[in-house]
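What follows is one structure encoded as structure tokens, with my remarks underneath.
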Amino acid sequence: MNNSFLKIDNLSKNYGETPALSDISLSLHTEELLVILGPTGAGKTTLLRIIAGLEAADTGRITIDGTDITHQLPAERDIALVFQNFSLYPNKTVRQNLAFPLQAPGRNLSKTEIANRISHTADLLRITPLLDRPATHLSGGEMQRVAIGRAIVRQPQLFLLDEPLTNLDAKLREVLRVELIRLQRDLRTPMIYVTHDRVEALSMGDRIAVLSEGKILQIGTPEEIYQQPNSPIVARQLGYPPINTIDVHKQQNQWFTASNQAIMTADRNAPSNATLGIRAEDISPQGGEIPAIIEVIEDLGASTILLANWAGQSIQISISGEQQWHVGDEIYPSIDLDRVLVWEKKQPQMNTDEHR
Ligand code: ADP
């Protein structure tokens, strides 16, 4: 699993003045499913397009199995890219849509080989009953299966998927997500899967690379990224409700908020200025010392989110089971101190009077 298959070194790309990617380095292991997680505009699509060869990087190098492919044409790379906005040939049947990429000149595949690949792919994607339907007579989910099928029949050495489930409804997304994981395990072809959806990232990735403003902020297993996010930006991308972040400074052994309220004990070795990350599920409504007023209650079925004003901060508390609270109630939030994340905050350089 640890053999590096694809390696990207110091890749950068600007569109005019806009930096789309800055100094990206990462590797993808043999058989690995790597998720690139980031908000819109982070540079995810640009990264995939550069790997596929549809876009040239300004600087950097890409190798596959040790071969430099940085300047290869897309067709030479043997990489399949599936987009969010899948497009099938409307005048062709599903079978013809699947056959099309195999009939390209230069492929030289026999009719039997093409038929075998189509039937194997159709089996994998459970679309065999649809093979003779016109592409226009398919639901959104079926169309996306066929679009993924068109990538699979080619038997590429690498799959790149760009938010392939984004346009589908929630239930279908869940079904196809599970199927894609199974498929990738069966095919054992490495895959880079781009998404802005934390649930997809956490449930699908062997590892996740968190991308923000063209930079990779952290790469690790879902567990590592969730438990030990290295910055508030990474942490905010992964939790729902988003993790509570509070800027604090240390005095004696206490953390103080910007409005100078002591909120909890600080570790002796903690930095003097920090951002604290407190997950909504690590706060109980009762048992603490500082009062809070409930402002909003959001019922999510299995859990309930309380939005409360606490120590001059707006915080979210997640409780499971039956909830007994009402808007306006006074509560005393208590925080599981062992679970609090502390990120050192570098203070901007202050102007001093020393030189006067
Ligand atoms: P994502 O896929 O994460 O939403 P993109 O890779 O599409 O992000 O875009 C990254 C940045 O590059 C954005 O600021 C976007 O506006 C810019 N960008 C992307 N493609 C182009 C282009 N063809 N011309 C100019 N700017 C672009």
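Please pick out the residue among E330, E295, E344 that is of a type in the set (D, E, K, R), at pLDDT 95 or above and within 30 Å of the chain's Cα centre (by Cα). First the steps, then the outcome.
On the way: E330 fails: within 30 Å of the chain's Cα centre (by Cα); E295 fails: within 30 Å of the chain's Cα centre (by Cα).
None of the others qualify; the one that does is E344.
Among the residues of the range 300-343, which ones are in contact (Cβ under 8 Å) with a residue 24 or more places away in the chain and farther than 27 Å from P229 by Cα? Within the range 300-343, Q323, W325, H326, V327, G328, D329, E330, I331, Y332 meet the criteria. Return the total of residues in the range 14-26 being near the ligand (Cβ under 10 Å from one of its atoms) and either aromatic (F, W, Y) or assigned to a strand (DSSP E or B) (or both). Residues meeting the conditions: 6.
Please tell me if I219 is touching a Lys or Arg at 6+ places or on another chain (Cβ under 9 Å), in contact (Cβ under 8 Å) with a residue 60 or more places away in the chain, of a type in the set (V, I, T) and not assigned by TED's automatic domain parsing to the domain that holds G301. Quick ask: steps written out before the conclusion?
Details: touching a Lys or Arg at 6+ places or on another chain (Cβ under 9 Å): yes; in contact (Cβ under 8 Å) with a residue 60 or more places away in the chain: yes; of a type in the set (V, I, T): yes; not assigned by TED's automatic domain parsing to the domain that holds G301: yes.
Spelling it out, I219 is indeed touching a Lys or Arg at 6+ places or on another chain (Cβ under 9 Å), in contact (Cβ under 8 Å) with a residue 60 or more places away in the chain, of a type in the set (V, I, T) and not assigned by TED's automatic domain parsing to the domain that holds G301.
Criterion applied to T128, T121 was being in contact with a Gly (Cβ under 6 Å, 6 or more places away or on another chain) and within 22 Å of I152 (Cβ to Cβ), and the one residue passing it is T121.
Within the range 27-47, the set of residues being within 15 Å of the ligand (Cβ to nearest atom), out of contact with any Gly (no Cβ under 7 Å at 6 or more places or on another chain) and within 17 Å of T221 (Cβ to Cβ) comprises I36, L37. Listed by position, the strands (runs of 3 or more DSSP E) inside the range 173-252 whose residues that are within 16 Å of the ligand (Cβ to nearest atom) and more than 22 Å from G277 (Cβ to Cβ) number at least 1 are 191-195. Scanning the range 67-79 turns up no residue that is touching a strand residue (DSSP E or B) at 6+ places or on another chain (Cβ under 7 Å), outside any strand (DSSP E or B) and either within 16 Å of the ligand (Cβ to nearest atom) or in contact (Cβ under 8 Å) with a residue 24 or more places away in the chain (or both).
Every test in (1) more than 16 Å from the ligand (Cβ to nearest atom); (2) in a strand (DSSP E or B) is passed by Y89 save one, and that test is (2). Among the residues of the range 27-41, not a single one is modelled with pLDDT of 95 or more, of a type in the set (D, E, K, R) and outside any loop (DSSP other than H, G, I, E, B).
Across the range 242-253, the number of residues qualifying as over 24 Å from Q227 (Cα atoms) and in contact with a Ser or Thr (Cβ under 9 Å, 6 or more places away or on another chain) comes to 2.
So that you can scan it fast, the table gives a plain yes or no per residue for (1) under 31 Å from the mean Cα position of the chain (by Cα); (2) not hydrophobic (A, V, I, L, M, F, W, C):
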position	(1), (2)
Q84	yes, yes
S87	yes, yes
K92	no, yes
L98	yes, no
A104	no, no
R107	no, yes
E113	no, yes
N116	no, yes
S119	no, yes
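Given the structure, is L211 among the hydrophobic types (A, V, I, L, M, F, W, C) and touching a residue at least 60 places away in the same chain (Cβ under 8 Å)? Yes, satisfied.
If you check A99, A170, A104, which single one turns out to be surrounded by fewer than 20 Cβ atoms within 10 Å (Cβ to Cβ) and modelled with pLDDT of 90 or more? Break it down stepwise before answering.
On the way: A170 fails: modelled with pLDDT of 90 or more; A104 fails: modelled with pLDDT of 90 or more.
Just a single option satisfies the conditions, and that option is A99.
The values are calculated or read from the model by the stated rules, or taken from the named source; none is laboratory data. What you are looking at is a predicted structure, and each value in this text was computed from that prediction instead of being measured. Heads up, the Cβs are rebuilt from the backbone with ideal geometry, glycines too, and the neighbour counts pull from every protein chain shown.
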